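Right, one structure below, let's go through it.
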Amino acid sequence: MSSKYDDLFYLTFKDCYPCWPLIGSAFAFGCIAIVGLVTNASVIYITFKTKALRGTANYLLALTSTFEILHQLGHFLFVYTAFSGINFIDYRLSVQIGTFFLFGLFGTNLSIFFTGFDRFFCVFLPTSYKCIKLRPYLAKIGLICALISTFVTVLFHIGAESMPDVKITGTIGDLLKGSAGTFYIKFGLTTNALTIVMYIATGILVRKKSAAQNVNSNANAFNKRIFRSLFLIVSVNVGGYFVVAVFLTFVAPKMDPIPIATSNGPILYATSSTHRKAFHLHFPFVFKHIGVSSSSPTVMPMTVGNIFKEYATPGNILKEYATPIMRGVPSVRQRTAAGGMPEKLFFK
């Protein structure tokens, strides 16, 4: 929070206990983090336990959930400083403690980008996409995410050595300081912009491929639903993370950034029938106690802050509708009858 000890915020609250503004904020952060940890962990669990979810896009969503778990664990440093009465901690020490938290934050941005790339690849080069080998493909993406995230995390460690007098409350936003913090903001701006471009390009390709076919009215209706969903995804991205990145880059470069954590589980439950069935299959005791039936249509609230990350792939939409939206690609019924189309071409 403060760059020097004369910082007004630091002087006001450094000896204050209980400091209710910090405790209240930390409590909110902690509660949200717990929900995120549980739901993201559930996404990882059902992905590896459910055969219908063993496609590239689902594995990439699970990778995003893994990075988010690391990121969300970082909120408990703030919970500790606030509830213990310490209130402030050395920035250098907090970066050392938060190594894995920062690693997860950066990895989240990259995994979302590669999820968008995967969907674009699927639509733009469907023949080549069918030929990919799942494990090497995912291993390369995971390695790229890990290497870049490690590099950026090291930048924060280097920067922290030059700020020995800085005191912060321990929030993730407080960690994003100095030249490394500026680099991350620009990094987030770039990856979000490229992801938006890929989603738009994917939508255009899907529409062109669909228009080139003689499809029935039902397929046209399904495609309209697809484009509405694509429009929603891109709009929320532009209205959420991308706008925040633009603001922090060009409007308020001296302000602390506001990272937004995500929880993949609720949105995947609300928007994906396959995920919903998997959740009910593996966590029946939860839904039994809350009185939700697996056959009941469920609508979960979607916030502007998290819908893009939580459902960030046109593949999520494509897999919900068994229609031949791409030239030469059969529907699920046709594919099943033929018995020859590789499952990994589809999100299911």
Return the sequence-ordered ³J(HN,Hα) values of the stretch 46-59 in whole Hz as given by the Karplus equation 6.51 cos²θ - 1.76 cosθ + 1.60 applied to θ = phi - 60°, using x for Gly and Pro.
5, 5, 8, 9, 10, 4, 5, 9, 8, x, 4, 5, 5, 5
Neighbour-count ranking for 179, 42 (other C-beta within 10 angstrom, fewest to most) reads 179, 42
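At a 10 Å Cβ-Cβ cut-off, how would you order 141, 112, 148, fewest neighbours first? Numbers along the way, then the final one.
Details: 141 21, 112 27, 148 16.
The fewest-first ordering by Cβ neighbours comes to 148, 141, 112.
Quick one: length gained pulling residue 96 to residue 146 fully straight, 0.36 nm per residue minus the C-alpha distance?
16.2 nm
Quick check on my link table: of 130/208; 49/277; 140/208, which ones sit more than 24 Å apart, alpha carbon to alpha carbon?
Values: 130/208 20 Å; 49/277 12 Å; 140/208 30 Å.
Too far apart for the 24 Å limit: 140/208.
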Distance in nm between pseudo-label sites at residue 48 and residue 12 (7 Å out along the Cβ direction from Cα)
4.6
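Every read-out reported here was derived from the displayed coordinates using simple, explicitly stated rules and does not represent laboratory data. The model shown is predicted, which means the values in this text are computed figures rather than measured ones. Methodologically, a virtual Cβ is constructed for each residue, glycine included, from the backbone with ideal geometry; neighbour enumeration extends over all protein chains shown.
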